[in-house]
Amino acid sequence: MALNSAPGQRNYPFGGWLVQRDFGPHLTLGGELFAQGKDTDDDKGFATLNFGGSYNLNEHFSLLFSAGHSIAGDRHTFWYFGFYWTWGPEKSSKP
């Protein structure tokens, strides 16, 4: 639930369902159904169907990608491409 008390805005629910599968140690692909309620009095809310995934370059760097379009409500086209960096202690193969 998003809480938005700005003038002309509304609180609204949102949520989604994701299905994904690993294709080896580097590639993950999946699809998502996402919906959001009305965020203003004049809005309709929307539902989208998105497809995307990630490609792990190594232990600390990944490419993320996603694209989709609304299937109900307000019309939206979404896309995303990102570079993901994680850091922390190296994993050791020694016991």
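When the residues of the range 33-61 are filtered to those that are of a type in the set (A, V, I, L, M) and under 10 Å from Ala72 (Cα atoms), the one that is farthest from the chain's Cα centre (by Cα) is Ala47.
Only residues that are open to solvent by less than 50 Å² (accessible area, probe 1.4 Å) and assigned to a loop (DSSP other than H, G, I, E, B) were counted across the range 60-90, and they come to 4.
Residues in the range 1-55 that are acidic (Asp, Glu), farther than 20 Å from Ser66 by Cβ and either open to solvent by 100 Å² or more (accessible area, probe 1.4 Å) or not in a loop (DSSP other than H, G, I, E, B) (or both): Asp41, Asp42. Pairs meeting the criteria (first residue in the range 1-29 and closer than 17 Å to Thr48 by Cα, second residue part of a loop (DSSP other than H, G, I, E, B) and of a type in the set (Gly, Ala, Ser), beta carbons under 6 Å, at least 6 apart or on different chains) are Tyr12/Gly37; Pro13/Gly37.
The values are calculated or read from the model by the stated rules, or taken from the named source; none is laboratory data. On a predicted model such as this, the values are computed, not experimentally measured, just so you know. Because the Cβ atoms are built from the backbone with ideal geometry, glycine has one as well, and the counts that use them run over all protein chains shown. What goes into the accessible areas is simple: the full protein's heavy atoms, side chains included, and nothing from ligands, DNA or RNA. Shrake-Rupley method; radii C 1.70, N 1.55, O 1.52, S 1.80 Å.
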